[in-house]
Amino acid sequence: TWLKVQKSGDDCFKSGISLLNSVKGGERLAGVLAKGTYNQTMDAKGRMTFPTKLRELIGERFIVTKGIDGCLFVYSLEDFEKRAEKIRSLPMAKARALQRSFMAWACEVEPDKQGRILVPQSLREVAGLEKEIVVAGVSDRCEIWDKKRWDDFNSSIDDNELMEALEGLDF
């Protein structure tokens, strides 16, 4: 199988399913941060290779969900469960948009023997994924971007914005 999905009607994720039985050997590599940028291609069926180095960090099964800024977020099962718990603890007035965006789009994926995952059509559409893809390690998660969106996003970042963000961090 290309993709293992927890189904509830047409949804990819059924809340309440325990996701803690996640990673290779049962434990995530503690203290390791996801980093790096990997150029990939997506075939017509929506399959793409997920980088080996990142799979080693987040596990052989992981969650892909709608992100921010036009990308998809990728979390280890353990990290996704922690975030889901935080969202469930919020009052409904604050949580409903997060639940609908973060949880309702979430799909559990498992790479095949060649390291390929199938990105569901709905997530491909929301992130504008076509042929050229970028997978980026971004600290506690990975992100999947359409290459053109990635390039546009990065070219829009102003050095002054970065300098302001770095102030006070003792860089």
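The table below gives the values:
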| read-out | value |
| --- | --- |
| Leading residue by the ranking (surrounded by the fewest Cβ atoms within 10 Å (Cβ to Cβ)) among those in segment 95-139 that are hydroxyl-bearing (Ser, Thr, Tyr) and under 11 Å from Thr65 (Cα atoms) | Ser122 |
| Matching entry among Ile63, Ile87, Ile68 (being open to solvent by less than 20 Å² (accessible area, probe 1.4 Å) and under 14 Å from the mean Cα position of the chain (by Cα)) | Ile63 |
| Pairs where the first residue, in segment 101-124, is on the phi < 0 side of the Ramachandran plot and the second is assigned to a helix (DSSP H, G or I) and small (Gly, Ala, Ser), C-beta under 7 Å, 6+ apart | Met103/Ala84 |
| Residue check for Ile157: open to solvent by 70 Å² or more (accessible area, probe 1.4 Å), of a type in the set (Val, Ile, Thr) and part of a loop (DSSP other than H, G, I, E, B) | no |
| Flag if Val135 is within 15 Å of Thr41 (Cβ to Cβ), among the β-branched types (Val, Ile, Thr) and in contact with a Pro (Cβ under 8 Å, 6 or more places away or on another chain) | yes |
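The values are calculated or read from the model by the stated rules, or taken from the named source; none is laboratory data. Quantities reported herein were computed from a predicted structural model and do not represent experimental measurements. Neighbour counts run over all protein chains shown; Cβ positions are idealised from the backbone, glycine included. Side chains are part of the model used for accessible areas, which takes the heavy atoms of the whole protein and leaves out ligands, DNA and RNA. Shrake-Rupley method; radii C 1.70, N 1.55, O 1.52, S 1.80 Å.
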